[in-house]
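Below: the structure, in structure tokens.
The values are calculated or read from the model by the stated rules, or taken from the named source; none is laboratory data. In this text, all values refer to a predicted model and were calculated from it rather than measured experimentally. We place every Cβ from the backbone using ideal geometry, glycine too, and count neighbours over all the protein chains shown.
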Amino acid sequence: MTMHAFTAARPGEPLTLQWTPVPTPAPGPGEIRVRLAAVTVNPVDFKLLRGGHPAWTYPHVPGVDGAGTVEAVGPGVETLRPGDRVAMHVDLTRPGVFAEAVVTSAHTVARVPDGVPLTVAAALPCAGMTAYQSLDRRLGVRPGLWRPGDWVLVNGASGGVGGYATQLARRAGARVIGVASTANHAYLRRLGAEVTLDYRSGDLAAQVREVTGGAGVPAVVETAGQATALLDAVAFGGGMACVLGLPDLPTYRAHPAKISVHPIALGAAHASGDRRAQEDLGVMLGDLLALVLNGELDPLVTDVRAREALPATLAELAAGGVRGKLVVRMSGED
């Protein structure tokens, strides 16, 4: 039995992806096969496409985020059945979601509630869970725990992770400083940022200190590769969640700030084999879907494209400047 998928014959650019026939995967023990309705594109997709991965064999199907309908379950799966609507962030070492169907572990997915379109659910996993893990799981920025009015800095706030982080921080009662280009500042304010800064306007850490009366911020979500430069923006006892690179701590001047640094990588849950961490992927995604259903989280879907536009959509993301999330419809289902 065969299906079609976008495949890479070797490491390369997004526009080299080809829609080709491939074997339809069969779910193993604890796995499900999902007929994909929609997928989204993420920076990890084009980065891995360019550099490859030691676990990949070619031709390889990339893509980590999607939503669709369960069409087959493997031995031992009791929590899901064919027809269930699910969203997922799959193991990046295995064949991915840029396809008609994908096989993934049943315990890592989340059910999509009635009322949330699959095109919306597909936008959430990687970016949404990265923001959620950064704030809730690592920095303690959650309703009922975060002290209302304390600051959170989101660097790269107009992207997918940053946009979700801005909203989740505000929901927790934080005052948000959002960093992005000036052209995106009105967008950041709509998402809940109280203060907006341009990353090209000089010393960001000094500006953050000025905004906060010299204290700095208790929490930073860093998505733009400026972790070292922002260390001086962190308040005493504060923390930084690093999505794109870690700060250069050995060269950082010694001081008693007691900063905690948290590397964020959702794929580590799959790579580690840690069952609890893997299950938490589904828990976090389920929480995000509930927030969308209740109107408490904007899913940030900028555009929904046709399937044949997937390579060009990934190339557009790789070129930079994309606001929010771009979704590709893989079938007519929603």
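Structure above, values below:
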{"quantity": "Number of the exception - ASP287 against (1) in contact (Cβ under 8 Å) with a residue 40 or more places away in the chain; (2) touching a helix residue (DSSP H, G or I) at 6+ places or on another chain (Cβ under 6 Å)", "calculated": "(2)"}
{"quantity": "Top-ranked residue of the stretch 122-147 - restricted to ones that are of a type in the set (S, T, N, Q) and buried (at least 24 other Cβ atoms within 10 Å of the Cβ), ranked as farthest from PRO299 (Cα to Cα)", "calculated": "SER134"}
{"quantity": "Scope the stretch 11-24; condition touching a Lys or Arg at 6+ places or on another chain (Cβ under 9 Å) and assigned to a strand (DSSP E or B); matching residues", "calculated": "TRP19"}
{"quantity": "Members of the stretch 150-169 that are under 13 Å from ALA219 (Cβ atoms) and touching a strand residue (DSSP E or B) at 6+ places or on another chain (Cβ under 7 Å)", "calculated": "ASP150, TRP151, VAL152, LEU153, VAL154, ASN155, ALA165, THR166, ALA169"}
{"quantity": "Selection count, the stretch 148-176, where residues are in contact with a Lys or Arg (Cβ under 7 Å, 6 or more places away or on another chain), surrounded by fewer than 24 Cβ atoms within 10 Å (Cβ to Cβ) and closer than 25 Å to VAL120 by Cα", "calculated": "1"}
{"quantity": "The stretch 187-237, residues that are over 24 Å from PRO43 (Cβ atoms), among the hydrophobic types (A, V, I, L, M, F, W, C) and in a helix (DSSP H, G or I)", "calculated": "ALA205, ALA206, VAL208, VAL211"}
{"quantity": "Matching residues in the stretch 25-72 - criterion: being part of a loop (DSSP other than H, G, I, E, B), aliphatic (A, V, I, L, M) and farther than 23 Å from PRO113 by Cβ", "calculated": "ALA26, VAL41, ALA55, VAL61"}
{"quantity": "Only listed residue being assigned by TED's automatic domain parsing to the domain that holds LEU288, closer than 23 Å to LEU293 by Cβ, touching a Pro at 6+ places or on another chain (Cβ under 8 Å) and β-branched (Val, Ile, Thr), chosen from VAL86, VAL34, VAL70, VAL103", "calculated": "VAL70"}
{"quantity": "Residues (surrounded by 12 or more Cβ atoms within 10 Å (Cβ to Cβ) and either within 20 Å of VAL70 (Cβ to Cβ) or among the hydroxyl-bearing types (Ser, Thr, Tyr) (or both)) located in the stretch 29-51", "calculated": "GLY30, GLU31, ILE32, ARG33, VAL34, ARG35, LEU36, ALA37, ALA38, VAL39, THR40"}
{"quantity": "Exclusive hit being on the phi < 0 side of the Ramachandran plot and over 20 Å from the mean Cα position of the chain (by Cα), set ARG171, ARG175", "calculated": "ARG175"}
{"quantity": "Sole exception among (1) surrounded by fewer than 23 Cβ atoms within 10 Å (Cβ to Cβ); (2) among the polar types (S, T, N, Q); (3) in contact with a Phe, Trp or Tyr (Cβ under 9 Å, 6 or more places away or on another chain); (4) outside any loop (DSSP other than H, G, I, E, B) for THR119, by number", "calculated": "(3)"}
{"quantity": "The one condition in (1) part of a loop (DSSP other than H, G, I, E, B); (2) exposed (fewer than 15 other Cβ atoms within 10 Å of the Cβ); (3) among the basic types (Lys, Arg) that ARG323 fails to fulfil", "calculated": "(2)"}
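Here is a yes/no grid of residues against (1) farther than 15 Å from VAL141 by Cβ; (2) among the acidic types (Asp, Glu); (3) surrounded by fewer than 22 Cβ atoms within 10 Å (Cβ to Cβ):
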position: ALA205; (1), (2), (3): yes, no, yes
position: GLU210; (1), (2), (3): yes, yes, yes
position: GLY214; (1), (2), (3): yes, no, yes
position: GLN226; (1), (2), (3): yes, no, yes
position: VAL243; (1), (2), (3): no, no, no
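A quick yes/no check of all residues on (1) touching a strand residue (DSSP E or B) at 6+ places or on another chain (Cβ under 9 Å); (2) surrounded by 13 or more Cβ atoms within 10 Å (Cβ to Cβ); (3) in contact (Cβ under 8 Å) with a residue 24 or more places away in the chain; (4) acidic (Asp, Glu):
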position	(1), (2), (3), (4)
ILE264	yes, yes, yes, no
LEU293	no, yes, yes, no
GLU296	no, no, yes, yes
LEU300	yes, yes, yes, no
LEU310	yes, yes, yes, no
GLU316	yes, yes, no, yes
ALA319	no, no, no, no
ASP334	yes, yes, yes, yes
